[in-house]
Amino acid sequence: MQLQQLNIDQAQGELTLTFADNFQQTLSFEFLRVYSPLEQTSVKGKPKPPVSHKKQVQLLAIEPVAKHGYRFIFDDQHSAIYSALLLNEYAHNKNRLWQQYLDALKLTGHSREAMIDIKQV
């Protein structure tokens, strides 16, 4: 399914995806960061622990990367390329994936909360 539009809402910390069939889904920046394609690979066949402490992460920019997809740049110095196919999968499986993430955090004792509360002055 072709991706038609990406709308960033910095105030809410969300990205709204609109597809060719007018299906729309909103994903939090935290969801996108913890489900980064670079974070989903395992090390020597062992699953990685869940990405944690990303509740306040911000999406700084989205850059088109030819036919490969879109580079998402986050404020924690992480960036990754998300294909339209992957974003479609995330949009259609948001609730299940989010629950899996919350369950993994609970199982491993990790937290969504930021380790250091940073306030801009």
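The values are calculated or read from the model by the stated rules, or taken from the named source; none is laboratory data. Quantities reported herein were computed from a predicted structural model and do not represent experimental measurements. Neighbour counts are summed over all protein chains in view; Cβ atoms, including those assigned to glycine, are modelled from backbone coordinates with ideal geometry.
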Problem - Those residues of the stretch 15-39 which are in a strand (DSSP E or B) and surrounded by 18 or more Cβ atoms within 10 Å (Cβ to Cβ), in sequence order - result: Leu15, Leu17, Phe19, Leu27, Ser28
Completion exercise
The number of residues in the stretch 50-74 that are surrounded by 14 or more Cβ atoms within 10 Å (Cβ to Cβ) and part of a loop (DSSP other than H, G, I, E, B) is 9
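This table checks each residue for (1) in contact with a His (Cβ under 8 Å, 6 or more places away or on another chain); (2) touching a residue at least 40 places away in the same chain (Cβ under 8 Å); (3) more than 30 Å from Leu107 (Cα to Cα).
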| position | (1), (2), (3) |
| --- | --- |
| Leu6 | no, yes, yes |
| Gln10 | no, yes, yes |
| Glu30 | no, yes, no |
| Pro49 | yes, yes, no |
| Tyr70 | no, yes, yes |
Problem - Matching residues, the stretch 12-28, being within 18 Å of Gln99 (Cα to Cα) and free of Cβ contacts under 8 Å to residues at least 24 places away in the same chain - result: Glu14, Thr26, Ser28
Exercise for the section: Please state which of the following conditions Gln77 fails to meet, knowing it meets all the rest: (1) exposed (fewer than 15 other Cβ atoms within 10 Å of the Cβ); (2) assigned to a loop (DSSP other than H, G, I, E, B); (3) in contact (Cβ under 8 Å) with a residue 12 or more places away in the chain; (4) polar (S, T, N, Q). Expected result: (3)
Exercise for the section: Output yes when any residue across the stretch 90-113 is closer than 28 Å to Gln4 by Cα, of a type in the set (Ser, Thr, Tyr) and modelled with pLDDT of 95 or more, and no when none is. Expected result: yes
